[in-house]
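J.: Encoded as structure tokens, here's the structure I'll be asking about.
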Amino acid sequence: MESEAPRIRLDPWSEGDLGLLRAMNAPELMSHLGGPETEEQLLTRHRRYVDLSADRTGRGRMFRIVLLPAGEAADEAVGTIGFWEQTWQGRRIYETGWGVVAAHQGRGIAAAAAAAVVEKARAEGAYRSLHAFPSVGNRSSNALCRRVGFSLQGPCEVEFPKGHLMRANDWRLDLTPGKALARPPRPMAS
């Protein structure tokens, strides 16, 4: 039996989101990304996210993923997602990345957020493609790319974190206006 897709909202990253970034720095969430960052690295990342979300030149945006609960419960920030300019194989593209806190994984939140961020990147109209580069060993993120409609281009090496080469998969999604997601996300089974 399929359950209803989670209701989420993407809010632009703000000064008040540093606590969420610290929660996202947990070892189990950073295992495919070179491990947790230092406090200094987190502060630098937070500043970059705030600046990117304030920018209106089409360079990209960062968001907190907000879960909209049923009933009387309050909205809850449960993850991060965004898109940003990148040069890949000599071309300018948007790159995307995401994370959901461990307590909320496996519920379709990342897929709902990824579908929403695709539309936000498409609306910018700056670049024709959106790429994601999950580690080849990150089965969940690779499955999410497929689920949202990205096409696997193949394995590659990317530098992440800075100074460290990571074996990743290059997933690409066409951002041509009017192009629907190849396969809209399905609700997760309960």
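The values are calculated or read from the model by the stated rules, or taken from the named source; none is laboratory data. Please read all numbers here as calculations on a predicted model, not as lab measurements. Note that we place each Cβ from the backbone using ideal geometry, even for glycine, and neighbour counts take in every protein chain shown. Heavy atoms of the whole protein, side chains included, go into the accessibility calculation; ligands, DNA and RNA do not. Shrake-Rupley method; radii C 1.70, N 1.55, O 1.52, S 1.80 Å.
J.: Taking only pairs six or more apart or across chains, which ones have beta-carbon atoms under 8 Å, a first residue in segment 43-65 that is within 20 Å of Arg128 (Cβ to Cβ), and a second residue that is small (Gly, Ala, Ser) and surrounded by fewer than 13 Cβ atoms within 10 Å (Cβ to Cβ)?
T.: From segment 43-65, the pairs are Gly58/Gly125.
J.: Another question, then. So which strands (runs of 3 or more DSSP E) stay within segment 109-179 end to end and still have 1 or more residues that are in contact with an Asp or Glu (Cβ under 7 Å, 6 or more places away or on another chain) and open to solvent by 60 Å² or more (accessible area, probe 1.4 Å)?
T.: 151-159, 165-174
J.: Considering segment 7-41 alone, what residues qualify as being part of a loop (DSSP other than H, G, I, E, B) and at pLDDT 85 or above?
T.: Within segment 7-41, Arg7, Trp13, Ser14 meet the criteria.
J.: Within the set of pairs 6+ apart or on separate chains, which have a first residue in segment 90-102 that is of a type in the set (Lys, Arg), a second that is buried (at least 20 other Cβ atoms within 10 Å of the Cβ) and in a strand (DSSP E or B), and C-beta atoms under 9 Å apart?
T.: none
J.: Sticking with this structure for a sec: Return yes or no: is Thr96 modelled with pLDDT of 90 or more and open to solvent by 20 Å² or more (accessible area, probe 1.4 Å)?
T.: no
J.: Between Thr44, Thr87, which is farther than 24 Å from Pro6 by Cα and part of a helix (DSSP H, G or I)?
T.: The conditions single out Thr44.
J.: For segment 47-84, which residues satisfy the criterion of being part of a strand (DSSP E or B) and open to solvent by less than 10 Å² (accessible area, probe 1.4 Å)?
T.: Of everything in segment 47-84, those that are part of a strand (DSSP E or B) and open to solvent by less than 10 Å² (accessible area, probe 1.4 Å) turn out to be Gly60, Met62, Phe63, Ile65, Val66, Val78, Gly79, Ile81, Gly82, Phe83.
J.: Ok, one more. Counting only residues that are among the small types (Gly, Ala, Ser), closer than 12 Å to Arg7 by Cα and either touching a Cys at 6+ places or on another chain (Cβ under 6 Å) or open to solvent by 20 Å² or more (accessible area, probe 1.4 Å) (or both), how many does segment 99-108 have?
T.: Total satisfying the criteria: 0.
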